[in-house]
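The values are calculated or read from the model by the stated rules, or taken from the named source; none is laboratory data. If you're wondering where the values come from, they're calculated on a predicted model, not measured in any experiment. Please note: Cβ atoms are built from the backbone with ideal geometry, for glycine as well, and neighbour counts cover all protein chains shown.
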Amino acid sequence: MKRFLFLVPAALLLALGPVVIEPAQAAFPLENENGVPSVAPVLKAVTPGVVNIAVRGRVQVNNPLLADPFFRRFFDVPNSPIVRETQASGSGVIVDAQNGYVLTNNHVVRNADLIEVTLRDKRRLKAKLIGTDPATDVAVLKIQADNLVAVPLGDSDKAEVGDFVLAIGNPFGLGQTVTSGIVSALGRSGLGIEGYEDFIQTDAPINPGNSGGALVDLKGNLIGINTAILAPSGGNVGVGFAVPVNMARSVMEQLIKNGHIERGWIGVSGQDVTPDLMVGLHTKHSEGAVISGVSPGSPADRAGLRIGDLVYDVDGAPVSSWQHLLNQIALAHVNQELSLGIEREGRTVTVPVKVAPARNRQARNFPGEDE
């Protein structure tokens, strides 16, 4: 199954408690035993944590002929939808070996009645679906087995354009495969793939079956979950997208704890920084989010945020755009206090804002704060 813009997903289609994440591991030598330049040492440690996911399910198929009473009457067709069995495959990443948690894409396990995970050592395990979040295309599975190997989580906020990366997955059902490339861009949004977009773009080839697989750096740390490719011709052209691991981790923690996602809200509307706004606001910040509206009585209003404030960081992490700020707010925990770095009339101030539950219209799959 393909999502066209032409944007194609790379796949065809608990117990409560803290998530135990293995710490990032030390850098590996980038050469093999013979002294030849190689990423083999990295892959030997990481690939056991990347799994194949096979899904079976059923979907309703709409047949336009069933809407015709004449057709149903004279051909004795039952007035009920057609149910078709489906099979799909993708990839996943073990991120917690102790508890057996696996990160993958929502579109890999959508409509699944049965989910089977195959490990690198060929063990096949039935997986339990802990929860999904279509708005970020993240899903969490749980498996039970001994001697699982987890891929350590990195920090996607520290990724830079030009960093070398490896994409690991199960393309075309061939078995585990590795491709390499660089980070081509960060903070990609506006693609219409998901509701909350802040993609890492890479030229590492991502093909059908790679969805849910790992995007790792040369230290073997997970920085993204492979999700989609830009494919005008239906094949890989070197423009792939991954959900940043920091976003995926935030979603995973909520799904494990609550089984669902509760979006955050502070009650602002805004826009990206533009050259004209830089002149008008007398600022040197070329990135960030400019607040254009504050809802009366909202957390933002109570915190003292104003129209014209330029938000340049959240909890010390730079804000690249209005969409980036929305993502930070929406994925924050309810009642969590965010520290917003603000430039106001040439002065920099820090404003603490407590996140509230999103209203019904903000809780849908596509964000907007106060549009």
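Taking the criterion of being over 18 Å from Tyr101 (Cα atoms) and in a strand (DSSP E or B), the residues of the range 128-167 that qualify are Phe164, Val165, Leu166, Ala167. Screening Val311 on (1) part of a loop (DSSP other than H, G, I, E, B); (2) under 22 Å from Asn335 (Cα atoms); (3) hydrophobic (A, V, I, L, M, F, W, C) shows it passes everything except condition (1).
Can you find a residue in the range 175-191 that is part of a loop (DSSP other than H, G, I, E, B), small (Gly, Ala, Ser), modelled with pLDDT under 90 and more than 21 Å from Asp137 (Cα to Cα)? It would help to see each step written out before you state the result.
Step one: filter the range 175-191 for residues part of a loop (DSSP other than H, G, I, E, B), giving 175-176, 189-191.
Those left that are additionally small (Gly, Ala, Ser): 175, 189-190.
Next, only the ones that are modelled with pLDDT under 90 stay: 175, 189-190.
Keeping just the survivors that are more than 21 Å from Asp137 (Cα to Cα) gives 175.
Yes, the range 175-191 contains a residue that is part of a loop (DSSP other than H, G, I, E, B), small (Gly, Ala, Ser), modelled with pLDDT under 90 and more than 21 Å from Asp137 (Cα to Cα).
Cβ separations smaller than 7 Å between residues 6+ apart or across chains give the following pairs from the range 138-157 residues that are surrounded by fewer than 16 Cβ atoms within 10 Å (Cβ to Cβ) to residues that are of a type in the set (D, E, K, R): Ala145/Arg123. Filtered by the rule that a residue be under 18 Å from Gln328 (Cβ atoms), under 26 Å from the mean Cα position of the chain (by Cα) and polar (S, T, N, Q), the range 242-295 gives Asn246, Ser250, Gln254, Ser269, Gln271.
Output the residue which, of all residues in the range 223-232 that are touching a Phe, Trp or Tyr at 6+ places or on another chain (Cβ under 6 Å) and not in a loop (DSSP other than H, G, I, E, B), is modelled with the lowest pLDDT. Give the steps one after another, and end with the answer.
Residues of the range 223-232 that are touching a Phe, Trp or Tyr at 6+ places or on another chain (Cβ under 6 Å), as a first pass: 227-228, 231-232.
Narrowing the set further to residues that are not in a loop (DSSP other than H, G, I, E, B) leaves 227-228.
Numbers: Thr227: 90, Ala228: 82.
So the residue we want is Ala228.
Only a single criterion out of (1) at pLDDT below 60; (2) part of a helix (DSSP H, G or I) is not satisfied by Val77, namely (2). Would you tally the residues in the range 198-222 being of a type outside the set (Gly, Ala, Ser) and outside any loop (DSSP other than H, G, I, E, B)? Summing the residues that are of a type outside the set (Gly, Ala, Ser) and outside any loop (DSSP other than H, G, I, E, B) in the range 198-222 gives 8.
Restricted to the range 314-330, and to residues that are in contact with a helix residue (DSSP H, G or I) (Cβ under 6 Å, 6 or more places away or on another chain) and not in a loop (DSSP other than H, G, I, E, B), which residue is modelled with the lowest pLDDT? Write out each step before concluding.
Step one: list which residues in the range 314-330 are in contact with a helix residue (DSSP H, G or I) (Cβ under 6 Å, 6 or more places away or on another chain), which gives 314, 317, 319.
The next check asks that each one be not in a loop (DSSP other than H, G, I, E, B); those that pass are 314, 317.
Numbers: Val314: 93, Ala317: 86.
Filtering the range 314-330 for residues that are in contact with a helix residue (DSSP H, G or I) (Cβ under 6 Å, 6 or more places away or on another chain) and not in a loop (DSSP other than H, G, I, E, B), the one modelled with the lowest pLDDT comes out as Ala317.
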